[in-house]
Amino acid sequence: GFVVEKSLAVDNIFVFVVVFTYFGIPAKYQHRVLFWGILGALVFRIIFIALGSVLMQYHWIVWLFGGFLIVTGFKILFAPEKPIEPEKNPIIRLLRKFVRVTPQLEGQAFFLRKPDGLVYATPLFVCLVFLELSDIIFAVDSVPAIFALTREPLVVFTSNVFAILGLRAMFFLLAGVMHKFHYLKYGLGLILIFVGLKMVWLNDAFGGKFPITWSLGIIGAILSVAVIVSLLVPVRRTPAA
């Protein structure tokens with residue numbers, strides 16, 4: 001379970017890099033945003049896991065989640081990449097309508113009171129909100145994926161916790177080299193398809209439980225091939241006109 005969650009968490013790193021660049025968050029403030037973002041992510045994961053442990057008792061929910069993972073995997077494989085534009089996110093736009101936001105960063109503060117007596121949010125807080133929204137979207141994929149491997153809520157929760165807690169260290173370790181793993185997204189897409197197939201077909205085909213050692217071997221092989229191919233095959237760049 002931890003291997004699946006950790007591999008899917010790699011996709012979060014891409015989002016972190018893009019969002020921090022978009023909002024112009026200096027490296028000295030990124031630690032603070034990630035700290036609070038990860039705490040919020042843990043809360044949302046607890047909610048998702050609690051709901052999932054109840055819903056997964058119904059077999060049709062298992063099929064529904066499995067089908068969703070398969071569709072998501074194919075979307076990752078074949079859908080063209082779109083740039084992340086936080087300003088077009090409806091929740092961020094709604095936030096800016098109801099909350100005053102300063103035009104620039106104010107140190108490491110999420111909020112501050114200006115001389116006019118009004119409280120303003122800072123771009124650092126807007127960045128934090130967007131990261132939380134991104135994690136909720138990722139949780140919709142990752143929580144069903146881990147339930148495909150085990151139905152034990154404690155295992156699901158601890159796998160999520162350890163994967164999320166390692167995100168900060170992983171981000172600062174990989175942020176500068178993520179552009180080299182350009183084929184990694186295809187590996188993540190294949191992993192989601194495989195996990196979805198487990199839920200809708202493979203578990204039943206193997207008497208109720210697909211061998212966990214086979215699962216780990218397949219997932220590890222997919223990740224290894226994606227990383228190796230990324231390092232050996234350079235990304236194709238379109239020549240400048």
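The single condition from (1) at pLDDT 80 or above; (2) open to solvent by less than 40 Å² (accessible area, probe 1.4 Å); (3) in contact with a helix residue (DSSP H, G or I) (Cβ under 6 Å, 6 or more places away or on another chain) that Ala139 fails is (1).
Looking at this structure, is Ile70 at pLDDT 80 or above, assigned to a helix (DSSP H, G or I) and in contact with a helix residue (DSSP H, G or I) (Cβ under 9 Å, 6 or more places away or on another chain)? When the stated conditions are applied, Ile70 passes them. Scanning the stretch 194-215 for residues that are surrounded by fewer than 20 Cβ atoms within 10 Å (Cβ to Cβ) and among the charged types (D, E, K, R) turns up Asp204, Lys209.
Within the stretch 90-126, being open to solvent by 70 Å² or more (accessible area, probe 1.4 Å), touching a residue at least 24 places away in the same chain (Cβ under 8 Å) and assigned to a loop (DSSP other than H, G, I, E, B) holds for one residue alone: Gln108.
The values are calculated or read from the model by the stated rules, or taken from the named source; none is laboratory data. The structure displayed is predicted, hence computed values, not measured ones. Using ideal geometry, Cβ is built from the backbone for each residue, glycine included, and neighbour counts are taken over all protein chains shown. Quick note on the areas: whole protein, heavy atoms, side chains included, nothing else; ligands and nucleic acids left out. Shrake-Rupley method; radii C 1.70, N 1.55, O 1.52, S 1.80 Å.
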